[in-house]
Each structure stands twice: as C-alpha cells, then as structure tokens.
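Structure first, then comments.
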Amino acid sequence: MTTRHFLTLLDLEPTELHQIIHRAIALKKSPNLRGESLKNKTLAMFFEKSSTRTRVSFEVAMNQLGGSALFLSPSDTQLGRGESIEDSAKVISRMVDVITIRTFEHEKLQRFAEHSRVPVINALTDGYHPCQLLADMQTFFEHRGDIAGKTVAWIGDGYNMCQSYINAAKQFDFTLNIACPEGFDPDAQLLAENADRVHIVRDPVAAVKDASLVTTDVWASMGQEEEQRIRREKFQPYQVTRQLMAEAAPDALFMHCLPAHRGEEVSAEVLDAPDSVVWDEAENRLHAQMALLEFLCAD
Ligand code: CP
Ligand code: NVA
C-alpha cells in the first residue's frame, strides 16, 4: 500500500476529510472511544519555527492514543547542520511511524515526504496549514452544521492560512471571499484553479456580505518580522472590528488560528465576543489531529 501524506487538504478525498471531522467530534464527545490505537507508535515532530498549539496538540494526541512523540529542532539535529532533507527523511522514517514538520518552503516538506517511508504531516509551511483547517471545519460543524453551500470571508494576508482556506472551499464545498490588500494575494494559479468558488473582493465590507464565517490571521507571519511596520500600514483597513462583523450574516462566527494580535488584525471586542469561537477552534486542534493520526497510522 502506498504511504498517505497530509501536506495539503488536497491529499485526502472530501469524503475522507469529512470522516476525520466526524471522528474528531466523536472523540471529543466520548473520550472512551480513544482506545490505544497508536500503542507503541512514535511521532517525530520537526519544528523550524515556533509553535504552541501545534506542538502541544500533536504531543498530547499521541499520548492519549497510547503512543509517544519526539520533539526535534534544527539546533539539536543534523538537519540543522546541513544533512540533506532526503537523507534525513530516509533515516528518520525507518525509526518512527509518522512525522510532522513545520518549516518555511512548502517544497522542502514535499521533498521530505517523497523520501519518507511513513506518513508525513504538514504542521505549517509558508504555503499551507492544513491541520488548522481540520480544526476550523470541525468547529464550524459543531456550532453551525455542514459548511457546504455557505459563504466564508477571509480578511487579511493571502498567505498560508488563506491558501488552506482556498483548498477547504474546494474540499468542503463553500464560497470564499478574500479581502486582501493588493500585493498580498494568494498564489495566482491556486486562485485560477478555484475561480468558480473563490473570489478576490478587496473590500472587507463586500467580502463579509452573507458570510457565515469571518476569519483572519496575523499581518506579519513567522519569517516576515522585518516587514512588520510596512504591513501594519498596508493592512490597517483590514482589521476585523465589531462594525465589520455586523455586516456579515446575523449568525456569523469569528475564527482565528491564533496567536492573535488584539488591535491589529482583530479588535479585542471581536476576539473576546460570544460569536468568537477561537478557543474551541484551538482545542479542536487536539481532537482533529487525533482523528488524523488514527486515519493515517492506526493498524
Ligand atoms: N495556530 C497554530 O498553528 O498555532 P501555533 O503556531 O501555536 O502552533
Ligand atoms: N500565518 C501564520 C500562522 C501561524 C499559525 C504564520 O505563518 O506565522
């Protein structure tokens, strides 16, 4: 059987993604369903960027499923001293059962996966953050039911999270309106491939019209720290405020992958409002990844 990886949402069929979401919801409701499906299995976690949610949720997920996790950073592996991606993938995948990687170039993750004998999971690259989308979709399903046919508004940078929302629009069958400043658009080819359901709207008010979900992300992502000042200027009109939420559908939810900067991409009152589901969304990283790990590696 060929090894299944999870580098983007497109690596799984829509039915498989829905199966994972429903399993995640069940695992959250009934912890006794967990069993020990990953007993004696090991997850290796490479992180070349900081993380709170992704690291903690993967490690706890492995523990709760009876397995264990190993945290690896560039400063304490040979990968950080120039051992090639290909060689590292060949070696590590002979010792562990599943690998998760947070890195910069998406292409680096793809190269690692090509040489791995075991499933590789994207824990965030400059291109995509598919694990976050599993949690976001789970959160929407829990609060509002199926997202198919709904409208989602993305406000802000057309970067990794936005690009994962584009893939989610395809796999979960919703319309995505993107309000981003010129020069911060998602990948042109990705947009062209999804032109039937993904629209660059620019104006945040127009983007949130009829939206059942409004979501955003930091203005300067990891690796873009020197652009912080210029980005703060360009993105100023893209803050999600109470006034903007009032233009969305009456039952619209607010989501943010976190960490958030209150007063930048989102006002404090929106982040802390009752229709903000960001804490459920963060918790669901754990449940969704448990379901993903089971799907990819349980016997
Ligand atoms: N949302 C998310 O991936 O958070 P971390 O960077 O803390 O893992
Ligand atoms: N876009 C952000 C997401 C963090 C979870 C980043 O890449 O830093």
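The values are calculated or read from the model by the stated rules, or taken from the named source; none is laboratory data. Computed from a prediction, not measured in an experiment: that's the story for all the values here. Heads up, the Cβs are rebuilt from the backbone with ideal geometry, glycines too, and the neighbour counts pull from every protein chain shown.
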Inter-residue pairs, beta-carbon under 6 Å, first under 15 Å from M222 (Cβ atoms) and in a helix (DSSP H, G or I) and in region 93-116, second among the small types (G, A, S) and modelled with pLDDT of 95 or more, 6+ apart: H106/G127
Close pairs (8 angstrom Cβ cut-off, 6 or more residues apart or separate chains): on the phi > 0 side of the Ramachandran plot in region 223-246, of a type in the set (A, V, I, L, M, F, W, C) anywhere: G223/F104
Boolean, G67 is small (G, A, S) and modelled with pLDDT under 95: no
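With D185, D196, D126, D136 as the choices, which residue is in a helix (DSSP H, G or I) and either crowded, with 19+ Cβ neighbours inside 10 Å or not polar (S, T, N, Q) (or both)?
The unique qualifying residue is D136.
Per-residue answers, yes or no, for (1) within 16 Å of ligand 2 (Cβ to nearest atom); (2) touching a Lys or Arg at 6+ places or on another chain (Cβ under 6 Å):
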position	(1), (2)
R55	yes, no
M62	no, no
S68	no, no
P74	no, no
S93	no, yes
V98	no, no
R102	yes, yes
H115	no, yes
V120	no, no
Residue within region 69-79 that is hydroxyl-bearing (S, T, Y) and closer than 30 Å to D275 by Cβ present: no
Residue match in region 147-164 (condition: modelled with pLDDT of 95 or more, within 15 Å of ligand 2 (Cβ to nearest atom), surrounded by 18 or more Cβ atoms within 10 Å (Cβ to Cβ) and part of a strand (DSSP E or B)): yes
Options N194, N177; residue that is at pLDDT 95 or above, more than 21 Å from L258 (Cβ to Cβ) and in contact with a His (Cβ under 7 Å, 6 or more places away or on another chain): N177
Hey, S51 more than 22 Å from D76 (Cβ to Cβ) and either of a type in the set (S, T, Y) or within 12 Å of ligand 1 (Cβ to nearest atom) (or both) or not: no
Residue match in region 10-26 (condition: closer than 30 Å to L190 by Cα and part of a loop (DSSP other than H, G, I, E, B)): yes
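Residue-wise test of (1) within 17 Å of the chain's Cα centre (by Cα); (2) away from ligand 2 (no atom under 14 Å from the Cβ); (3) closer than 21 Å to C162 by Cα.
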site	(1), (2), (3)
E225	no, no, yes
F235	no, no, yes
T241	no, yes, yes
E247	no, yes, yes
C257	yes, no, yes
A273	no, yes, no
R285	yes, no, yes
Filtered residue count, region 210-239, keeping only those that are loosely packed, with under 15 Cβ neighbours inside 10 Å, away from ligand 1 (no atom under 15 Å from the Cβ) and either in a loop (DSSP other than H, G, I, E, B) or among the polar types (S, T, N, Q) (or both): 3
Within region 18-33, tally of residues that are out of contact with any Lys or Arg (no Cβ under 8 Å at 6 or more places or on another chain) and closer than 17 Å to L134 by Cβ: 11
Failed condition for E265, given (1) within 16 Å of ligand 2 (Cβ to nearest atom); (2) free of Cβ contacts under 8 Å to residues at least 24 places away in the same chain: (2)
Inter-residue pairs, beta-carbon under 7 Å, first in a strand (DSSP E or B) and in region 53-76, second of a type in the set (D, E), 6+ apart: A69/E59
Region 104-113, residues that are within 15 Å of ligand 2 (Cβ to nearest atom) and either over 10 Å from L7 (Cβ atoms) or surrounded by fewer than 22 Cβ atoms within 10 Å (Cβ to Cβ) (or both): F104, E105, H106, K108
R111 being among the basic types (K, R) and within 16 Å of ligand 1 (Cβ to nearest atom): no
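Take the residues of region 240-296 that are of a type in the set (D, E) and outside any helix (DSSP H, G or I): which is farthest from L133 (Cα to Cα)?
Within region 240-296, the match that is farthest from L133 (Cα to Cα) is E247.
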